[in-house]
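See structure below.
The values are calculated or read from the model by the stated rules, or taken from the named source; none is laboratory data. If you're wondering where the values come from, they're calculated on a predicted model, not measured in any experiment. Neighbour counts are summed over all protein chains in view; Cβ atoms, including those assigned to glycine, are modelled from backbone coordinates with ideal geometry. Surface accessibility is based on the protein's heavy atoms, side chains included, excluding ligands, DNA and RNA. Shrake-Rupley method; radii C 1.70, N 1.55, O 1.52, S 1.80 Å.
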Amino acid sequence: MKEIDKFDKIPSTGNITTDIRTILQEARQSVVRNINTAMTAAYWMIGRRIVVEEQQNAERADYGTYLLKELSKELTSEFGNGFSYSNLCNMRQFYQTYGDSEIFYTLCRELSWSHNRLIMRVQDPKAREWYLRESAREQWSVRQLERNINSFYYQRQLESGYVGNENDTQCVANSNSIDTRQFIKDPYVLEFVGLPQYPHHKERELENALMDKMQDFLLELGKGFSFIKRQYRISTETSHFYIDMVFYNYILKCFVLIDLKSAKLTHQDVGQMDMYIRMFDDLKRGKEDNPTIGILLCADKDETVVKYSVLNESKQIFASKYLPYLPTEEELKRELERQPYKRN
């Protein structure tokens, strides 16, 4: 009956073919979710059984290896692929990582085994929980999750002073209560553009690459962003101005202007963005929209400009460095340490 009640909630479009297609798609997705939940639970239980068996034979240092190799042979011959020695090691690690904690019951079981296998390798328990929660809430694909882990998404969100919690949806209901800085990263990781490092590419090359990889760029920007237009023209009675990229964030309920700078940030760049924001608020902002914000996405930053320009006090202008490659953890740490003038 619960399944019937769920399908009853699917609204009718007036087109029987469309309605039946929606019902079948939801049914298939439901089957996949149920299979994922069952298999994730099964692998956790297998891991627990292995750990218990190993502990009973703790006096034999090599017993774990012997046990897993023998299990792999027997299970593979009976159940086929999926029970290699390495995958049995993963199941054991899965149980050892979470044990009987509440996280397993509330978060791990919402995700596929492929998701869990990636997340359990994250060393920081808080980061692990964050990736579990965000993967489930944002419905990240396995590819998206792997990319976010490799680009240190959690650490960059943490540096902004915000990594979210289970009550996020309540906060989103009132956009006035949200700190805009929650939605701004520094640095942004743009390894998908395929460009050489500064100074060996131009702004137009970066803009074209971002347009070609817009889906990846939206994922990197984060929650709530939708693309409006490139080279967006705003005009006064005497002049025309062109903004590299314009987005709208439906959570912040405001327009987001992005100006690309393939060189080091200057005070002229800051002044130009300040003007763009003032003009956009005056000419384009709707009555229900919050104040426009601007992001100067630059190859490098002059910290003197950051400290002594309007960037230091403004709640509408942000300067962020972009990296056209996946940084190592040490490289990311150095980038974050180079930002001595963060706003509180």
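Report yes if residue 231 is surrounded by fewer than 19 Cβ atoms within 10 Å (Cβ to Cβ), in a helix (DSSP H, G or I) and without any contact (Cβ under 8 Å) to a residue 40 or more places away in the chain, otherwise no.
The answer is no for residue 231.
Report the residue count in region 286-333 for those that are open to solvent by 40 Å² or more (accessible area, probe 1.4 Å), closer than 12 Å to residue 273 by Cα and of a type in the set (Val, Ile, Thr).
The number of residues fulfilling the criteria is 1.
Please tell me if residue 265 is in contact (Cβ under 8 Å) with a residue 12 or more places away in the chain and in contact with a Ser or Thr (Cβ under 6 Å, 6 or more places away or on another chain).
It is false that residue 265 is in contact (Cβ under 8 Å) with a residue 12 or more places away in the chain and in contact with a Ser or Thr (Cβ under 6 Å, 6 or more places away or on another chain).
Among the residues of region 248-262, which ones are open to solvent by less than 50 Å² (accessible area, probe 1.4 Å) and outside any strand (DSSP E or B)?
251, 252
Looking at the structure I just gave you, is residue 215 modelled with pLDDT under 95, surrounded by fewer than 16 Cβ atoms within 10 Å (Cβ to Cβ) and either assigned to a helix (DSSP H, G or I) or not β-branched (Val, Ile, Thr) (or both)?
For residue 215, the condition - modelled with pLDDT under 95, surrounded by fewer than 16 Cβ atoms within 10 Å (Cβ to Cβ) and either assigned to a helix (DSSP H, G or I) or not β-branched (Val, Ile, Thr) (or both) - is met.
Per-residue answers, yes or no, for (1) under 30 Å from residue 337 (Cβ atoms); (2) buried (at least 20 other Cβ atoms within 10 Å of the Cβ); (3) under 20 Å from the mean Cα position of the chain (by Cα):
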{"residue": "87", "(1), (2), (3)": "no, no, no"}
{"residue": "92", "(1), (2), (3)": "no, yes, no"}
{"residue": "96", "(1), (2), (3)": "no, no, no"}
{"residue": "105", "(1), (2), (3)": "no, no, no"}
{"residue": "112", "(1), (2), (3)": "no, no, yes"}
{"residue": "116", "(1), (2), (3)": "no, yes, yes"}
{"residue": "123", "(1), (2), (3)": "yes, no, yes"}
{"residue": "130", "(1), (2), (3)": "yes, yes, yes"}
{"residue": "152", "(1), (2), (3)": "yes, yes, yes"}
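Is it the case that residue 49 is touching a helix residue (DSSP H, G or I) at 6+ places or on another chain (Cβ under 6 Å), open to solvent by 30 Å² or more (accessible area, probe 1.4 Å) and at pLDDT 85 or above?
In short, no.
Pick from region 154-174 the residues that are over 18 Å from residue 225 (Cα atoms), surrounded by fewer than 17 Cβ atoms within 10 Å (Cβ to Cβ) and not polar (S, T, N, Q): which of them is modelled with the lowest pLDDT?
166
Tally up the residues in region 263-285 that are within 29 Å of residue 196 (Cβ to Cβ) and buried (at least 19 other Cβ atoms within 10 Å of the Cβ), please.
Final tally of qualifying residues: 5.
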